[in-house]
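Below is one structure; the comments refer to it alone.
Just so it is clear, none of the values below were taken in a lab; they were calculated from the coordinates. Being a predicted model, the structure only gives us computed values, none of them experimental. Positions of Cβ are generated from backbone atoms using ideal geometry, with glycine treated the same way; all protein chains shown enter the neighbour counts.
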Amino acid sequence: MTVNALSGSSSAANTVASSASSAQEQTDRFMKLLVAQMQNQDPLNPLDNAQVTSQMAQISTVSGIESLNTTVAGLNGQFVQLQALQSAALIGRDVAIEGDTLRQTAGQGDGGFELAGPADDVTVTIKDAAGNTVGTIELEDLEAGRHDFDFEVPEAYRGSELSFEVTATRGEAEVDVMTLTHERVQAVSNFGGTLALELVGGERVSYDAVWAVL
């Protein structure tokens, strides 16, 4: 099992430490300048209390923003860790992602689709790499939402690349359909700073590309 998405936590921790140091340095520098200014002020023209108060409020606001950024960075690091741990539970599970590839297992094919609305008639057409029809599946009276199907692959096509398309109608009107490929998750990794799922078929997809867990 591979889970290396936790690498972002160390960078988040470094960011938190850097932000905290920066905020403290700014505060110390401001206080030193303010004290020096008060020690060297003109007795005949002393600092205005309103100006001192305004400067104190400004540095307080800056420190507050720095502190907020530090807190957000820390929460983001914790979120990445939590998301990685949750996604690790998907390893070995089947998921549905957008696509039209028919998955084959021991001569049986399977896939899925999402209907934008209810449909009276739905036709799933299985095709080979050349676009020739291998077989069809007729379905009736389906509600809106996600549906799965199984297909017994003919002996001559087993192991070859097959795809499918889905058409749906309600009365005379067409119903929008999104085809879904079924794949198994074999690992979780970090891809360009984004949590990714590595699928058995060799594809790598982002965590949010998963339409459903089967």
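Overview of values
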{"item": "For A187, distant residues with modelled amide H under 5 Å away", "result": "E198"}
{"item": "Estimated FRET transfer efficiency when R0 is 22 angstrom, pair E143-E165 (beta carbons, to 0.05)", "result": "0.60"}
{"item": "Simple label model, 7 Å out from Cα along Cβ direction - I91 to E152, nm", "result": "3.7"}
{"item": "HN-Hα J in Hz across region 160-173 - Karplus 6.51, -1.76, 1.60, θ = phi - 60°, x for Gly and Pro", "result": "8, 6, 10, 10, 8, 10, 10, 10, 9, 9, 10, x, 9, 8"}
{"item": "Neighbour cut-off at most 15 other Cβ (10 Å), DSSP loop, GluC sites (Glu not before Pro), region 114-210", "result": "E143, E161, E172, E203"}
{"item": "Residues whose placed amide H lies under 5 Å from that of G111, excluding near-sequence neighbours", "result": "F149"}
{"item": "5 angstrom amide H check on L102, placed H, neighbours 5+ away", "result": "L162, S163, F164"}
